[in-house]
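Asker: Right, I'll just put the structure down here and ask away after.
All of the numbers you see were taken from the coordinates with simple rules; none came from a lab. Because the structure is a prediction, the values reported are computed rather than measured. So basically every Cβ, Gly included, is an ideal-geometry build from the backbone, and we count neighbours across all protein chains shown.
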Amino acid sequence: MKYFFTSLSLWLSILCLVYANTPTLADKLENQWQIYKNAQHYLYQVVSSGEKVDRTTWEKMVKPHDEWKFTDEDLMNLTKMQSERILVAKEVAYQNSVINFDAFRKLPAEEAKIIIHNFCQHMPKGGMLHVHPFGTFTRNTLTQLMILKNPILDWIEFLNFFNNPENTCMIYPEENNWMSTFINGTRFSDLSPIDQKKTIDLFFLPFGNHDFTRFDSVFVFLGIPVSTYQDYLFALENFAQKASAQGIFYIEFTTDILTDHALNFYKNLADTYLKNFGIILKINESLFRLDSDENMRKNTRTLLMLNDPILVGVDLLGNESNSPTLENGQIPYALVGNALTNGTHKIKRTIHAGELGDDRNPRDALIFGVERIGHGIKLENDPIALEYAASKKIGIEINLTSNIRLKAVNDIKQHPFVKYLRLGIPVSLSTDDEGIFETDMNTECEIAISQSDITYAELKQMAINSIETAFVGDQEKSELLSKLLQQINKFEQTLTSLILPKKKQEL
């Protein structure tokens, strides 16, 4: 009997020791964050030496070893924990909302539409962090330019371009057939009113949802009305006027400023924006994800020699479908990461990731060290990377209309932006290419309210996030945030006196 109890005691001691040394889910997550950090350091070193990290090596590096691997039970528990946090955050946001959007949603459709439109028209929105300036032109602006310039339309050149199987753009057969009916060299004014409208329609994404290759074609056509910097300036001033009227006072453009001409143009534009519209304009240098490795290195090094205050970030853009973030983005983000580590530059990093393509794109972008992600929809498919983004407070720039029109999601109800908000990820609202999609910040606000269960407190937080995750210094950010909060406070007081005189919880 004594031997039995001694053996049992020994067995229990061993069992306790085993369990004591078994990593918990929290332990595994901390270990995974360290793995990401080590992978980032390795990537920076390899790229600095002139080489690249291949996918097989990368996947081995970012996966934990045996006892630290995430089991199915771990992933189930992590997802459950996230779901519980989402529910709690939703209730807290509901309680903190001075307006109950559900009251709007319960109204008859037309009445709800009018009220939500009026609400969004007056709500301060702060900043727009995901804007492509060449995609901002409105139908009215481009119509004016076409009438003013009356360009010659080189239809044969366009048809040859789109019928070339090597290009990455496309038009539909009916569009091809329509263009084929014209004599080359026709001026815009020679077209019938119907054909003039069809020509202007080429500058916008056709009605409905489309592949990215059709979206890319719009930029080819935009070269017709916008062929000089003066045309560009005319369109961008119209955009700023509209943005200012919609409660925007800070904007980041993603565009190329590596030439002296482009840099000077945007510096002058920034002066105009501030003087005429009260908008602070900053630039994220755009790099094209399908560019060659040689050009990536060359352009990134040129970028890192530029220390102008208007330049605040770098952004990788383009169709993600066949251009994974690791393979196509590691060079610029490793070179920039090294510059930040060495203290030779203060530039920030955002990236188009998780809009389309490989589910691993957002995770790899996070490992690169980005401060923000554009789109980020596919992040929700990886609960570990999602948890990492939440723990690091990585900003996500959301563009609802764009995500629907380019088939990143089928329905706004499927969009994860509210889920991200409730996990503590600083999501902000933007428009992407608002001219091409024929949207604006008011419309994005209306979609968010009418097609999701977002609360007022969360919508307000998105506006705050647009400033808190902006690529500006602490002092400027503090001033911008103070300005926004003052505007929001005034907005809420106005709403309370005009719409909510007695029971704010009822509406």
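Asker: Taking R0 as 35 Å, what FRET efficiency do you get between D190 and S478 from their Cβ-Cβ distance, rounded to the nearest 0.05? Could the numbers behind the result be given before it?
Answerer: Numbers: r = 57 Å, r/R0 = 1.62.
That pair, D190 with S478, gives E of 0.05.
Asker: Quick check: the distance between the Cα centres of the range 97-150 and the range 39-80, to the nearest angstrom?
Answerer: Distance between centres, Cα-based: 41 Å.
Asker: Ok, one more. Mind scanning K125/K348; K37/K419; K37/K346; K267/K378 and naming the pairs with a C-alpha gap bigger than 29 Å?
Answerer: Distance filter (> 29 Å) returns K267/K378.
Asker: Still on this structure, please answer the following. Net charge around L484, counting only other residues with Cβ within less than 12 Å of its Cβ (Lys, Arg = +1; Asp, Glu = -1)? Before the final figure, lay out each step's value.
Answerer: Working: positive: K125, K460, K477, K483, K490; negative: E468, E479.
Here the count lands on +3.
Asker: With a cut-off of 8 Å between alpha carbons and a minimum separation of six or more residues, what is the relative contact order of the range 140-221 in percent? All intermediate terms of the calculation are to be shown ahead of the outcome.
Answerer: Values: 62 pairs, mean separation 30.2, N = 82.
The value is 37 percent.
Asker: Something else now. Hey, could you grab the Kirkwood Rh for the range 108-211? Inverse mean 1/r over distinct alpha carbon pairs, Å, one decimal. Walk me through the numbers on the way to the answer.
Answerer: Details: mean 1/r = 0.0587 Å⁻¹.
Its Kirkwood hydrodynamic radius stands at 17.0 Å.
Asker: At a threshold of 8 angstrom on Cα-Cα distance, excluding pairs fewer than six apart, so keeping six or more, what relative contact order does the range 338-469 reach in percent? Write down the numbers at each step before the final one.
Answerer: Numbers: 187 pairs, mean separation 25.5, N = 132.
Reported as a whole number, the value is 19 percent.
Asker: When the chain is fully extended, how far beyond the present Cα-Cα distance does K80 get from T341, taking 0.36 nm per residue of separation? Show your work: numbers first, answer last.
Answerer: On the way: separation 261, 0.36 × 261 = 93.96 nm, distance 3.64 nm.
Full extension of this stretch gives 90.3 nm more.
Asker: Computed from these coordinates, which is Cα Rg over 2.2 N^0.38 Å: (1) 1.02; (2) 1.09; (3) 0.97?
Answerer: Derived directly from the coordinates: (2).
Asker: Here's another thing I want to ask about it. Nearest 500 deg cm²/dmol is fine: what mean residue ellipticity at 222 nm does the chain get from its DSSP H runs of n ≥ 4 alone, each adding -39,500 (n - 2.57), divided by its residue count?
Answerer: Values: 23 runs with 283 residues, N = 507.
Per the formula, -17500 deg cm²/dmol.
Asker: Roughly how many whole Å is it from the C-alpha centroid of the range 262-307 to that of the range 321-338?
Answerer: One Cα centre to the other: 18 Å.
Asker: Check each of the GluC sites (Glu not before Pro) in the range 395-446 and keep only those in coil by DSSP with at most 16 other C-beta atoms within 10 angstrom; list them in order.
Answerer: On the way: sites: E397, E434, E438, E444, E446; in loops: E438.
For GluC sites (Glu not before Pro) across the range 395-446 that sit outside H, G, I, E and B with at most 16 neighbouring Cβ atoms in 10 Å, the list reads E438.
Asker: While we're looking at this one, here's another question. Show me, bin by bin at 10 Å from 0, the whole-percent P(r) of the range 150-274 based on Cα pairs.
Answerer: 10, 35, 31, 21, 3
Asker: How far, in nm, would the chain grow between N140 and F491 when pulled straight, counting 0.36 nm per residue and subtracting the alpha carbon separation? Can you show the working numbers first?
Answerer: Details: separation 351, 0.36 × 351 = 126.36 nm, distance 3.01 nm.
Separation in residues times 0.36 nm, less the Cα-Cα distance, equals 123.3 nm.
Asker: Within the range 105-139, report the trypsin sites (Lys or Arg not before Pro) that DSSP leaves as loop and that have at most 13 other Cβ atoms within 10 Å.
Answerer: Details: sites: R105, K106, K113, K125, R139; in loops: K106, K125.
Passing sites in the range 105-139 are K106.
Asker: Name the GluC sites (Glu not before Pro) in the range 146-212 that are in a loop by DSSP and that have at most 15 other C-beta atoms within 10 Å, would you?
Answerer: Working: sites: E157, E166, E174, E175; in loops: E166.
Hits after loop and neighbour filter: E166.
Asker: Fully extended, how many nm does the chain gain between K413 and F288 (0.36 nm per residue separation, minus their Cα-Cα distance)? List each step's numbers first, then the result.
Answerer: Numbers: separation 125, 0.36 × 125 = 45.00 nm, distance 3.08 nm.
Computed gain between K413 and F288 is 41.9 nm.
Asker: Taking the Cα centre of each part, how many Å lie between the range 342-377 and the range 389-426?
Answerer: Computed from Cα coordinates, the inter-centre distance equals 14 Å.
Asker: For the peptides 206-213, 282-289, 127-134, what is the packing order when you average, over each peptide's residues, the other Cβ atoms within 10 Å and list the highest mean first? Write down the numbers at each step before the final one.
Answerer: Numbers: 206-213: 14.0, 282-289: 23.4, 127-134: 25.0.
Top of the packing list down: 127-134, 282-289, 206-213.
Asker: For H41 and E166, what does the FRET efficiency come to when R0 = 56 Å and r is the distance between their Cβ atoms, rounded to the nearest 0.05?
Answerer: The pair H41/E166 has a calculated efficiency of 0.90.
Asker: What does the charge count near T138 come to, summing +1 for each Lys or Arg and -1 for each Asp or Glu among other residues with Cβ under 11 Å from its Cβ? Don't skip to the end; give the middle numbers.
Answerer: Working: positive: R139, K242; negative: E434, E438, D440.
Summing Lys and Arg as +1 and Asp and Glu as -1 gives -1.
Asker: Still on this structure, please answer the following. What is the diffusion coefficient of the range 278-339 in µm²/s, taking the Kirkwood radius over Cα pairs and the Stokes-Einstein relation at 37 °C with a viscosity of 0.692 mPa s?
Answerer: Numbers: Rh = 12.4 Å.
In µm²/s, the coefficient is 266.
Asker: Then there's this: Considering Cα pairs under 8 angstrom that are at least six residues apart, work out the relative contact order of the chain and quote it in whole percent. Intermediate results must be reported in sequence, preceding the final value.
Answerer: Values: 712 pairs, mean separation 105.8, N = 507.
Averaging sequence separation for qualifying contacts and normalising by length gives 21 percent for the chain.
Asker: Based on Cα positions only, what radius of gyration and what Dmax would you give for the range 343-483, in angstroms?
Answerer: For the range 343-483, the Cα-based Rg and Dmax read 14.7, 46 Å.
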